[in-house]
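Each remark here refers to the structure printed beneath this line.
The values are calculated or read from the model by the stated rules, or taken from the named source; none is laboratory data. Predicted model, so just to flag it, every value in this text is computed and none were measured. All Cβ positions, glycine included, derive from the backbone under ideal geometry; neighbour counts span all protein chains shown.
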Amino acid sequence: MPNAAIELEALTKRYGSVLALDDVELRVEPGELFGFLGPNGAGKTTAIRILVDLIRPTAGHARVLGLDAQRDARAVRARVGYLPGDLRLYEHLTGHELLELIASLRGGTVDARYRDDLIARLQLDPSRAIGELSRGNRQKVGIVQALMSRPALVLLDEPTSGLDPLMQEEVEALLRETVRDGGTVFFSSHVLSEVEQICTRVAMLNRGAILDVFDLAEQRRLAPRTVAVTFAEPPPADAFAGLAGVTVLAHDGRRVEFAARDGIDALVKRLAAFTVTTLDTHEPSLEELFLARYQQDATTAAPGGAPPEGAHAASA
Amino acid sequence: MPLLRKALFDDLRWHVVGYGIGLGAWAAIIVALYPTFRDSMSELELPAWYGEFLGTADWTTPRNFIQIELFSWIPLLLIVYTVVAATGVIAGDEQRGTLELVLAQPVSRTRVFLERAAAVALGTVVICACTSLGLLAVWPFVDLPGLPLSDLLAAPFGMLPLALLFAALALCLAALLPTRGAAAGVTTAIAVTGYIALAVADLADGFDALRYVTPFYYADQKALLTEGVVWWHQGVIAGSTLALLALGWRAFERREIGIGRSPWRELLRRAA
């Protein structure tokens, strides 16, 4: 098996009494565009910062491209481009000077043409002092420095925060291209729609624990679709009973709503016996999947005692 | 060495220029005033304890005068610079959040620590050199019997080991304590306490032993020009400096960046 781009083994991080990461297991394959999704304080930032050895795990291991994130930290960072979630840049430097500084620390691995291309595509003016830039423009500097050396793994903590929708799309396009060109992208977000649009897989993190890892295509196939049908005549109440993999959500005169898992074929064949006037199917959004999963987790967690308040405050 | 260059020519530039001009001008003015002082002091009867506090009975010779006037206070100012500079390049950078992106690059923490420590040290050397330049500027106009130019110009560098000791202490505490404020505060407190301890040891009977625990005793700032260099004293200072640097380097290697916690706390927690 080739080395995983990221491999977390029983990764645990504790700040005093606050458990920021609790026994996290995760494997991200090379070439994936992987989304790390969760509410604020879930532990996303903590996990990412361990990967670049800014903080150290309390227990467990983090491996990046086959290297130990702590023991081989420098080698890891030579292969990783990182965008901090709380990006702070030297304000009196210009964008260009900052990129030069980072390039000099990376030891000349920067692809200057690609860097200029990134600057042009993000419409960044690199001659201005960073202190004069808006939050969105600073974020662009951060994105350029993370990508400009064409690292094998790009780690981005909330990459599109502060960007306008057009720039968000541009960044999403850049991430897709990075993966197309052979890189791996791992990024955190709390914006479901963004993750849904560009990721191949998504890990959902809450209170320091991975709730689930979604293969988005697979989930869409498995998750129930809502099928809403309007008939010419109200069908009998028991017309759709006994269909395997189909549940009737609502039956209101001529209109019936179904939740169809793998019974969509049987449903269509049964529907054929009636006169159908309209038919809508609706594939669940990641948001619905997420909320369903999240609520389920909240209900199961509640009786066992909620984690301390601090677990939410601990910023991750 | 991009980190050293940035720290010295960017972050510390104005500190070094400011302290350099200030101390150079101060040194120049003190020496320029020497003839006036000599004339007025020779008529003045000072109590014996005052001379003892200053460390000499006869402060009208150029060596004594410059030693007392310059090197009673300038080392303290130089220490202020090292505290500001050393805590700034480590803890200040971390607290502003800007260290994060530097440490996420393929550079070792050792290199970051050493290049920045070197920048602080070079800044200190430049300030000492500016002080010498101030002395050089007035030297042709003042008659200083018994004090050759070489001794005069070398004198400001006598403060260097002590200043570097406090730079190392500040770096060490910046790597150990949660915030820049804590590091600067504790370093300053140690400097002030050490300074007072030496004065007390010199003045009050029964407190003699106190002098051996303060770095100001080993710095010999009030004797360098008159008594010459005591090498083992400077050795104690240099050794302590290296020990503090090593400790600071270890602490910085272990430090968890940007979480505002002391590595000490974690060690204590584990021990408990």
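Show me the helices (runs of 4 or more DSSP H) found entirely inside segment B:210-272 where at least 1 residues are at pLDDT 80 or above.
Of the helices (runs of 4 or more DSSP H) lying wholly inside segment B:210-272, those with at least 1 residues that are at pLDDT 80 or above span B:215-219, B:224-227, B:231-254.
Scan (1) buried (at least 17 other Cβ atoms within 10 Å of the Cβ); (2) touching a Leu at 6+ places or on another chain (Cβ under 7 Å); (3) within 14 Å of another protein chain (Cβ to nearest Cβ) for the single condition A:Ala5 breaks and write down its number.
Status for A:Ala5: all satisfied but (3).
So, A:Thr178, is that one at pLDDT below 95, among the polar types (S, T, N, Q) and either surrounded by fewer than 15 Cβ atoms within 10 Å (Cβ to Cβ) or out of contact with any Pro (no Cβ under 7 Å at 6 or more places or on another chain) (or both) or not?
no
So, in segment B:193-209, how many residues would count as being in contact with a Phe, Trp or Tyr (Cβ under 9 Å, 6 or more places away or on another chain) and either surrounded by fewer than 12 Cβ atoms within 10 Å (Cβ to Cβ) or in contact (Cβ under 8 Å) with a residue 24 or more places away in the chain (or both)?
Looking only at that region, the number is 4.
Determine which member of the set A:Thr12, A:Thr58, A:Thr45 is within 12 Å of chain B (Cβ to nearest Cβ), in contact (Cβ under 8 Å) with a residue 24 or more places away in the chain and farther than 30 Å from A:Glu132 by Cα.
A:Thr58
I'm told A:Gly41 meets every condition in (1) at pLDDT below 95; (2) in contact with a Gly (Cβ under 6 Å, 6 or more places away or on another chain) except one. Can you identify the failing condition by its number?
The number of the failed condition is (2).
For (1) under 30 Å from A:Pro84 (Cα atoms); (2) at pLDDT below 95; (3) surrounded by 19 or more Cβ atoms within 10 Å (Cβ to Cβ), each residue gets a yes or a no:
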position: B:Leu103; (1), (2), (3): yes, no, yes
position: B:Leu114; (1), (2), (3): yes, no, no
position: B:Val142; (1), (2), (3): no, yes, no
position: B:Pro145; (1), (2), (3): no, yes, no
position: B:Pro148; (1), (2), (3): no, yes, no
position: B:Leu152; (1), (2), (3): no, yes, yes
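What's the number of the only condition in (1) part of a helix (DSSP H, G or I); (2) facing another protein chain (nearest Cβ under 8 Å); (3) of a type in the set (A, V, I, L, M, F, W, C); (4) surrounded by 20 or more Cβ atoms within 10 Å (Cβ to Cβ) that A:Leu89 fails to meet?
(1)
Considering each residue of segment A:77-86, count those that are more than 7 Å from every other protein chain (Cβ to nearest Cβ), part of a loop (DSSP other than H, G, I, E, B) and either within 21 Å of A:Ser189 (Cβ to Cβ) or among the aromatic types (Phe, Trp, Tyr) (or both), and give that number.
Number satisfying all stated conditions: 1.
Could you look through segment A:218-261, keep only residues that are free of Cβ contacts under 8 Å to residues at least 24 places away in the same chain and touching a Leu at 6+ places or on another chain (Cβ under 9 Å), and pick out the one that is nearest to A:Thr281 (Cα to Cα)?
A:Val246
Give just the number: which of (1) within 14 Å of chain A (Cβ to nearest Cβ); (2) within 19 Å of B:Ala251 (Cα to Cα); (3) surrounded by 15 or more Cβ atoms within 10 Å (Cβ to Cβ) does B:Thr110 not satisfy?
(3)
Among residues belonging to segment B:12-34 that are within 30 Å of B:Arg111 (Cα to Cα) and crowded, with 22+ Cβ neighbours inside 10 Å, point out the one that is nearest to the other protein chains (Cβ to nearest Cβ).
So the residue we want is B:Leu12.
In the set B:Leu133, B:Leu78, which member is more than 29 Å from A:Gly131 (Cα to Cα) and within 14 Å of the chain's Cα centre (by Cα)?
B:Leu78
Quick check: is even one residue across segment A:16-30 within 12 Å of another protein chain (Cβ to nearest Cβ), surrounded by 16 or more Cβ atoms within 10 Å (Cβ to Cβ) and touching a strand residue (DSSP E or B) at 6+ places or on another chain (Cβ under 7 Å)?
Within segment A:16-30, one or more residues are within 12 Å of another protein chain (Cβ to nearest Cβ), surrounded by 16 or more Cβ atoms within 10 Å (Cβ to Cβ) and touching a strand residue (DSSP E or B) at 6+ places or on another chain (Cβ under 7 Å).
Which of the residues that make up segment A:171-223 are in contact with a Phe, Trp or Tyr (Cβ under 9 Å, 6 or more places away or on another chain) and among the hydroxyl-bearing types (Ser, Thr, Tyr)?
Listed by number, the residues that qualify are A:Thr184, A:Ser188, A:Ser189, A:Thr200.
Using the structure shown, decide if B:Arg63 is under 24 Å from B:Gly24 (Cα atoms), assigned to a helix (DSSP H, G or I) and of a type in the set (D, E, K, R).
yes
When residues of segment B:69-103 are filtered for being assigned to a helix (DSSP H, G or I) and within 14 Å of chain A (Cβ to nearest Cβ), how many remain?
The total comes to 11.
Yes or no, residue by residue, for (1) under 10 Å from the mean Cα position of the chain (by Cα); (2) outside any loop (DSSP other than H, G, I, E, B); (3) more than 14 Å from chain B (Cβ to nearest Cβ); (4) free of Cβ contacts under 8 Å to residues at least 24 places away in the same chain:
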{"position": "A:Ala146", "(1), (2), (3), (4)": "no, yes, no, no"}
{"position": "A:Pro159", "(1), (2), (3), (4)": "no, no, yes, no"}
{"position": "A:Gly182", "(1), (2), (3), (4)": "no, no, yes, no"}
{"position": "A:Ala203", "(1), (2), (3), (4)": "yes, yes, yes, no"}
{"position": "A:Ile210", "(1), (2), (3), (4)": "no, yes, yes, no"}
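Any idea how many residues of segment A:70-85 are within 19 Å of A:Glu32 (Cα to Cα) and in contact with a helix residue (DSSP H, G or I) (Cβ under 8 Å, 6 or more places away or on another chain)?
Residues in segment A:70-85 being within 19 Å of A:Glu32 (Cα to Cα) and in contact with a helix residue (DSSP H, G or I) (Cβ under 8 Å, 6 or more places away or on another chain): 5 in total.
Test each condition in (1) within 25 Å of B:Arg5 (Cα to Cα); (2) buried (at least 23 other Cβ atoms within 10 Å of the Cβ); (3) within 15 Å of the chain's Cα centre (by Cα); (4) modelled with pLDDT of 95 or more for B:Thr187 and report the one that comes out false.
It fails just one condition, (1).
I'm trying to understand the selection: among the residues of segment A:92-134, which are within 14 Å of chain B (Cβ to nearest Cβ), in contact with a strand residue (DSSP E or B) (Cβ under 7 Å, 6 or more places away or on another chain) and among the hydroxyl-bearing types (Ser, Thr, Tyr)?
If the condition is that a residue be within 14 Å of chain B (Cβ to nearest Cβ), in contact with a strand residue (DSSP E or B) (Cβ under 7 Å, 6 or more places away or on another chain) and among the hydroxyl-bearing types (Ser, Thr, Tyr), then A:Thr94 is the only one that fits.
Among the listed residues B:Thr241, B:Thr179, identify the single one that is under 30 Å from B:Asp93 (Cα atoms), among the hydroxyl-bearing types (Ser, Thr, Tyr) and under 15 Å from the mean Cα position of the chain (by Cα).
Selected residue: B:Thr241, the only one of B:Thr241, B:Thr179 that is under 30 Å from B:Asp93 (Cα atoms), among the hydroxyl-bearing types (Ser, Thr, Tyr) and under 15 Å from the mean Cα position of the chain (by Cα).
Residue-by-condition table, conditions (1) β-branched (Val, Ile, Thr); (2) assigned by TED's automatic domain parsing to the domain that holds A:Leu155; (3) within 30 Å of B:Phe9 (Cβ to Cβ):
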position	(1), (2), (3)
A:Gly35	no, yes, no
A:Lys44	no, yes, no
A:Val52	yes, yes, yes
A:Asp72	no, yes, no
A:Asp86	no, no, yes
A:Leu98	no, no, yes
A:Gly107	no, no, yes
A:Val110	yes, no, yes
A:Gly142	no, no, yes
